[in-house]
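Structure record follows, encoded as C-alpha cells.
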Amino acid sequence: MPETSTARDYNSYWQFRSDTWSRLEEASGRLAVATRRGHSTEAMRDAVSGLLDILGPIEQYWAFPGAPAFRQVRDLFSSGHVDRFARTVARINRALVTESYRTCVGWSVMDSDHEQVEDERDVADEPVAGRPYFEVLVVETLTPSQERGLREDVRNWRRPEDEFIYELVVVGSGEEAVVAARLNANIQACVVRRRFSAAAAEDLTDLVRFGDGGLAGELAECSPEERAQILARRLARLRPELDLYLMTEIAVEEIAGYVSHHFRRVFHAREGSLELHLSILAGVAARYRTPFFEALRSYSRRPTGVFHALPISQGKSIVNSHWIRDMIGFYGLEIFLAETSATGGGLDSLLDPTGPLRQAQQLAAKTFGARQTYFVTNGTSTANKIVVQALVAPGDIVLVDRNCHQSHHYGLMLSGAHVVYLDAYPLHQYSMYGAVPLREVKSKLLALRAAGKLDRVKMVMLTNCTFDGVVYDVQRVMEECLAIKPDLVFLWDEAWFAFARFHPIYRPRTAMRAARTLAERLRLPAYRAQYEQQLAAEAADDDETLLARRLVPDPARAKVRVYATQSTHKTLTSLRQGSMIHVHDQDFAQKVRESFHEAYMAHTSTSPNYQILASLDIGRRQVALEGFDLVQKQLEYAMRLRDAIDHHPLLSKYMHCLSTAELIPDEFRASGIDQPLRSGLDKMSSAWELDEFVLDPSRVSLYIGASGIDGATFKREQLMDKFGIQINKTSRNTVLFMTNIGTTRSSVAYLIEVLVNIARDLDERITEMSPGEQAAHARAVLRQTNASAPLPDFSGFHPAFLDSSDPSTPEGDVRRAFFLSYDDSCCEYVSADEVEERMASGTQVVSTTFVTPYPPGFPVLVPGQVFSREIVSFMRSLDTPEIHGYDPRIGYRVYTAKAMEMAGPHPAST
Ligand SMILES: Cc1ncc(COP(=O)(O)O)c(C=O)c1O
C-alpha cells in the first residue's frame, strides 16, 4: 500500500489501522534519527503528524493503547520529545503486531521513560498468559474522571481465578457504539447505560459504513429506554453474538418485563458493578464452553480397560507394536487417547444425544441462528441425504437445481421423489453455470399449479452459494415461492457458506437468517395490511403477471420451513467431514422430528468419529467468539488478492479476476453496480441488498484464457507440480481460488509471487517461440478464449418416467429410472456416434445412470433422461479426464428401445 493510502482503500479498518501504526513506527523512527543527527525534519514531522491525524479519530474504539494513552503519545510528539515518542510508538506497535497487549493487560504505554524495553512482559504489571482477552463496550456519556473510575472499578473486581480478562472501551453516543462494534472485533459484550447521546460529538462520516447510518436521527426523538432498545437492535443486527447488558437507574423490575430480548440482562446502576462484571464473564464463558470437546478431553485422561472393539483406543494397539510406532510420532498420542466408542462415562451417543453432544448441538444452533442443529460426520453429502429423506416421501414433487451436488440427486433417487430439474443461467464463455433465476423456479411452480399438482410439491433445493460464489437473495426466493405454495420446504445447500453467518453483509443472505427475518415479518400487523392492500390492488393473476410481479405470501397461510446444510470443514475449523444441518421449521416438532430421526439413523454410522464431533464443537466456539474478526480478515485478503492480480501489468496480460458483471448478467443486478467487489464493501452492501444474485468476494475465479493454458493443466502442471499450490475447481479457461479463515497475508503474497512467476515464464517462452510454435500458441489462446460447445440445459425425462395421468409437467421418477437399470437385459452400451444416429432417426435415447463430468461436477445426464444433441456435443468437447458414469471405451449405458416400450407410462405416485 502506498504511503498515501486512505481508509477508503481498505475494506476493513482493522487492516487500515494496523498498517497505519506500522507506518507511524517507521516514520517516527526516521524522525528520531534525523533529529539526533540535526538534519532537517520538517517533511518527516508532517508525515508523522498526518499519520497521527489518521489514527486520532479511530483509536478511541480500541482499549489498547486506548484514547487517554493515545493523547499522551500525541503530547509527546507536540512537545518535541521525539526520542521518547518514537520509542513509545514502537512499543505500542510491537504490542499490536505480536498481540502481546492481550496477555500483558495493565502495562502502561508511557513506562518507557528510560531505556526502550525489549520485552513487554518485563513491564507487565498483570501477566495474564493463558487467559483469553476481550474488550467490553460501555455506552455512556462520562467525564474523564468518571471514566477512570469505571476502569478502576473493573480492575478491582478481577480475581486470579477469572477465566478471562477484559478491558473497557467507552463511547458517549449510540452512533459511536455501532461504529465501535463494527471496527473492533475484540469487543464481546456491550453495556448500554441510561445516559448516552444519539449522535457523536464529532463528524463520523468517514467511519460510518454499510447500514450504520441514520441511527442518530432514529435515537434523537426517543426516551432513554427506547433508545437502548433501538441501539440493541442495531448492535444485534451487526453482531448477533455480542452479549448486551442494560444498566438503568429506574425501575429495573418493570424494564426487565418489556426490554428487548436482545439484552442478556438488566441491572440497576446503583447496585454496583460486581454482578455486571460476573455476568460479563459468564456471558463469554457460555460461548467459550465446548461440552463435547471437554467431555472427550477428560475421558481421554482416564485410564480404561478396553474389552470392546476399537483396539486403537488409548493407542493400545500401537504403543506396544514393533512396527507401527511411527503412527504415534506422526499423529501424537492425544488423538488415540481420545479414540473411544463409549457413549457413557461423560460421553454421549450421536444417535440419541442427551448429554454433552446435545448441549454442543444446542450451542451450535444458537451460534448459527437455527432452531435446531444436528452434527453430521460424513460431510454435507450425508447431511443432504438425511434432510431429503426426512422430508420427502415417494411421489412427492421436488424442484432442484440440476447443478446441485450429486448428493441431492442420490438423495432424491433414494427417497422416490418425482424431480423437476431447474436450469441455472449458463456462462458459456467460461463453461460454468451461474444460479437458478427466480423466474425459472416460479414458472415451474406455476406450471405445476396449472396442472393441479401443487399439493404434491414438497420442496425446493438450491445451492447457496454456488461453487463459483454466486449467492441468492434467499429471503426473496422463499417469499415469492411461498406466495404460490405456502407450505413449501426449502433446503439450502450451504456447503460453502457456513462462514457467511459471521459477516453483517453476508448474513441476510443465509438460510437461517432469512428464515428468521421472514418469520418475524409474517407476524407483523403492518405486513398483513401491506399484503391485503396488494391483494386488492393487483387483480390480474395470469402467469405472465405473476412472473413479472414481486409476489408476497399470505401471512395467514405461509409457513417458514427451512433447512440448511453446511460443510463446516470447508469454510470453518473442523476436521474433514464435519458438517451441520441447521433447521428453522415451524412444523418440525409436529411433523418432522420422527422422520428426521429415522433418516438420521439411516445415514449415520453407529461408530461416529468423536474427533470430528469434538472439532465441530470447538470450531463453533471459535466462530462464536472470533467469527466476525476472521471473516473480515478473509475478505480483506481476498480483495487484496483481486487487486494485486488485476493491477499487475504482467499478470493482467494473461489473466484477470472475473468480475461480478462477467459472472452475473445485467438482468439480475438491479443495483446496476458492475464492480461491487472492487469498489469495496460499501458498494458491495448496496448490491447485496438489491440484486437477485451477488458474488461472494472471498472466491476468486481467475480467467486464464489469454495464457493459452487450459484450467486443468494450469492447476496440475503450473500451480500444483511446480509450486505446491492446491486448488479445487477449474473450468476450461478458469481456475478458482478460495480464501478461507485460515488465509494469511503471506499466503496471498505467495500466490501472487507464484502467478507472477508463471506469467514471466510464459512471457519468456512466447518471445523465444519459433514462428510455428507461435502459431500453435495463438491457436491455443483462440481455443481458450472462444466460447466452447454451449452448456446443455436439462433435456427432459423419457415419457416412461413422467406422470402418465398428466405428462405435461416435467417431473420424473428418478428412482424407477435408476432401478430399472439393475435388470441388465434392459441396458446396452452405445457409442456417442451411435447415440447421434439413433437421435437422427427419431429414436429417443435414454440414459440409465448419472453421467457426471468432474469438474464441473454436475450430472449432464440423470437416469431416465433423454439425450439431446447439445448434450452429446458438450460431452465431446470436454477434455475432463474424470467422467463418472461414462467410459469412452465402451460408450454410454442406455436403455434398450424394448425396455422403454415395456416400461410404458406410469402412475403419478409409486
Ligand atoms: C454444493 C455442495 N454440496 C455438498 C457437497 C458435499 O459436501 P461434503 O464434502 O461435506 O460431503 C459439496 C462438495 O463439494 C458441494 O460442493
Just read off the accessible area of T743 with the full protein assembly in place, 1.4 Å probe, to the nearest 10 Å².
30 Å²
Diagonalise the Cα gyration tensor of region 810-910 and give the resulting equivalent ellipsoid semi-axes, square root of 5 times each eigenvalue, largest first, whole Å.
22, 16, 13
Solvent-accessible area per residue for region 351-409 (1.4 angstrom probe, square angstrom):
29 Å²
Run lengths n ≥ 4 of DSSP H only: what is the helix-derived mean residue ellipticity at 222 nm for the chain, with -39500 (n - 2.57) per run over all residues, to the nearest 500?
-13500 deg cm²/dmol
Three-way shape call for region 399-533 based on the alpha-carbon gyration tensor, with the a/c threshold at 1.5:
oblate
Would you pull out the residues with amide H under 5 Å of V489's amide H, same chain only if 5 or more places away, H placed 1.01 Å from N?
M459, V460
For region 137-200, with every protein chain kept in place, what is the accessible area per residue (1.4 Å probe, Å²)?
37 Å²
Report in % the part of the accessible area of region 529-608 that belongs to carbon and sulfur, leaving out ligands and nucleic acids; probe 1.4 Å.
47 percent
Label 7 Å along Cα→Cβ of S22; region 709-739 residues with amide nitrogen under 14 Å?
none
By how many nm would the segment from E594 to Y288 grow when fully extended, if each residue of separation counts as 0.36 nm and the alpha-carbon distance is taken off?
107.0 nm
If R0 is 30 Å, what FRET efficiency do you get for S747 and E99 from their C-beta distance, rounded to 0.05?
0.95
Using only Cα positions of the chain, each an equal point scatterer, no hydration layer, compute I(q)/I(0) via Debye at q = 0.04, 0.07 Å⁻¹ and quote the log10 values to two decimals.
-0.22, -0.67
Need one word for region 466-568: rounded, prolate or oblate. Basis is the Cα gyration tensor (sqrt eigenvalues a ≥ b ≥ c); a/c below 1.5 gives rounded, then a/b vs b/c decides.
prolate
Cβ neighbours within 10 Å, averaged per peptide: list 766-778, 729-741 in order, most packed at the top.
729-741, 766-778
Pairs K570/K729; K442/K570; K653/K729: which exceed 20 Å Cα-Cα?
K442/K570; K653/K729
Which far-off residues, 5 or more places away or on another chain, put their amide H under 5 Å from the one on I187, with H placed in the peptide plane?
E135
Counting only protein heavy atoms, what percent of the accessible surface of region 725-805 is carbon or sulfur at a 1.4 Å probe?
52 percent
Between Y822 and A540, what is 0.36 nm times their sequence separation minus the Cα-Cα distance? Round to one decimal in nm.
96.6 nm
Antiparallel DSSP bridges in the chain: what percent, to the nearest 5?
50 percent
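If you average the sequence gap of Cα pairs under 8 Å that are 6 or more apart and divide by the length of the chain, what percent do you get for the contact order?
That works out to 10 percent.
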Share of carbon and sulfur in the accessible heavy-atom surface of region 301-383 [1.4 Å probe, %]:
57 percent
Could you grab the Rg to Rh ratio for region 717-769? Cα atoms only, Kirkwood for Rh.
1.02
The whole-number value in µm²/s of the Stokes-Einstein translational diffusion coefficient for region 748-800, with Rh from the Kirkwood sum over alpha carbon pairs at 4 °C and 1.567 mPa s, is 88 µm²/s
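Show me the ranking of peptides 233-243, 71-81, 418-428 by mean Cβ neighbours inside 10 Å, starting with the highest. Write down the numbers at each step before the final one.
Working: 233-243: 19.2, 71-81: 15.3, 418-428: 21.7.
Going by the mean number of other Cβ atoms within 10 Å, highest first, we get 418-428, 233-243, 71-81.
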Rounded Å value of the spacing that divides the Cα centres of region 713-731 and region 362-397
33 Å
Distance in nm between pseudo-label sites at F723 and D46 (7 Å out along the Cβ direction from Cα):
4.0 nm
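State whether region 305-377 is rounded, prolate or oblate according to the following rule on the C-alpha gyration tensor (a ≥ b ≥ c being the square roots of its eigenvalues): a/c under 1.5 gives rounded; otherwise a/b larger than b/c gives prolate, and the remaining case gives oblate. Walk me through the numbers before you get to the answer.
Details: a/c = 3.91, a/b = 2.17, b/c = 1.80.
Verdict is prolate for region 305-377.
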Full extension from D587 to D326: what is 0.36 nm times the residue separation minus their Cα-Cα distance, to one decimal in nm?
88.8 nm
One checks the Cα atoms of region 306-444 and finds Rg and Dmax, in Å, of 22.2, 67
With the contact rule set at Cα under 8 Å and sequence spacing of 6 or more, what percent relative contact order holds for region 651-774?
23 percent
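The values are calculated or read from the model by the stated rules, or taken from the named source; none is laboratory data. Keep in mind it's a predicted model, so treat the numbers as computed, not measured. Virtual Cβ from ideal backbone geometry, glycine too; neighbours counted across all protein chains shown. These accessible areas exclude ligands, DNA and RNA; they are computed on the full protein's heavy atoms, side chains included. Shrake-Rupley method; radii C 1.70, N 1.55, O 1.52, S 1.80 Å.
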